[in-house]
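Report on one structure; see the data block that follows.
The values are calculated or read from the model by the stated rules, or taken from the named source; none is laboratory data. Here the structure is a predicted model, which is why all the values come from computation and not from measurement. Heads up, the Cβs are rebuilt from the backbone with ideal geometry, glycines too, and the neighbour counts pull from every protein chain shown. The area values use the complete protein model at the heavy-atom level, side chains included, leaving out ligands, DNA and RNA. Shrake-Rupley method; radii C 1.70, N 1.55, O 1.52, S 1.80 Å.
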Amino acid sequence: MKYKLHFTIPIFTEDLDTFPIPENENYDYWVPLLSYFIEQSNIIEIHCWNDEKDVIKETTLLFKDSFKIVNGRDITVIKASNTDYLSNYLLYENIKTNGKLKWFSIFLSKNETPLLHSEHWGTEFFAPNLREEDIVYIKSVTPADTDFHQWS
């Protein structure tokens, strides 16, 4: 049987800021969680707010000529084929100098079939097609107070 899973990392926000920060102030779950899905994906789509110009520039430079960029009203969408270089960048070069995750959203897909959605700077996730063992793994790498909603 396949399951859908929505999960949210426990967060807090700083005074007068809406940027969600993991409660323990680190992203220890990021590499094991993302690598689990990135290995299966062949398409990566990244969404950034248009005012995140430095992150957009840095990210598009990695894609070279193999990406499609769409500028929406408030958001820039960058979509490309997965490569080892891009995977390593998403896994290990993910934190800005202020200690926060770089990307508002990341979508990992296999042949246009969604595998994992990471939203709100890596604090909210949705995976639409999981086996029980996938869910066990996700729960093993996320913080203890992560909020899970599972359905079939």
Quick check on the range 106-142: of everything there that is crowded, with 19+ Cβ neighbours inside 10 Å, among the aromatic types (Phe, Trp, Tyr) and modelled with pLDDT of 95 or more, which residue is nearest to Gln40 (Cα to Cα)? Phe107
Residues that are modelled with pLDDT of 90 or more: find the strands (runs of 3 or more DSSP E) completely inside the range 1-75 holding 3 or more of those. 3-8, 43-49
Take the conditions charged (D, E, K, R) and open to solvent by less than 30 Å² (accessible area, probe 1.4 Å) and apply them to Glu25. Does it pass? no
Test for Ser152: is it closer than 26 Å to Lys2 by Cα and surrounded by 11 or more Cβ atoms within 10 Å (Cβ to Cβ): no
Subset of the range 46-62, residues of a type in the set (S, T, N, Q) and surrounded by fewer than 18 Cβ atoms within 10 Å (Cβ to Cβ), comes to Asn50, Thr60
Of the residues that make up the range 63-86, is at least one closer than 25 Å to Pro128 by Cα, over 17 Å from the mean Cα position of the chain (by Cα), of a type in the set (D, E, K, R) and open to solvent by 40 Å² or more (accessible area, probe 1.4 Å)? yes
Of the conditions (1) open to solvent by 70 Å² or more (accessible area, probe 1.4 Å); (2) touching a residue at least 12 places away in the same chain (Cβ under 8 Å), Ile43 clears all except one; give me its number. (1)
Name the pairs: first residue in the range 72-86 and without any contact (Cβ under 8 Å) to a residue 24 or more places away in the chain and farther than 25 Å from His120 by Cβ, second residue open to solvent by less than 60 Å² (accessible area, probe 1.4 Å) and of a type in the set (A, V, I, L, M), Cβ to Cβ under 6 Å, at least 6 apart or on different chains? none
Which residues, counting only those in the range 107-151, are over 23 Å from Ile11 (Cβ atoms) and small (Gly, Ala, Ser)? Ser109
Residues His149, His120: which one is touching a His at 6+ places or on another chain (Cβ under 7 Å) and in contact (Cβ under 8 Å) with a residue 24 or more places away in the chain? His149
Looking at (1) out of contact with any helix residue (DSSP H, G or I) (no Cβ under 6 Å at 6 or more places or on another chain); (2) buried (at least 18 other Cβ atoms within 10 Å of the Cβ); (3) not in a helix (DSSP H, G or I), which is the one condition that is false for Leu90? (3)
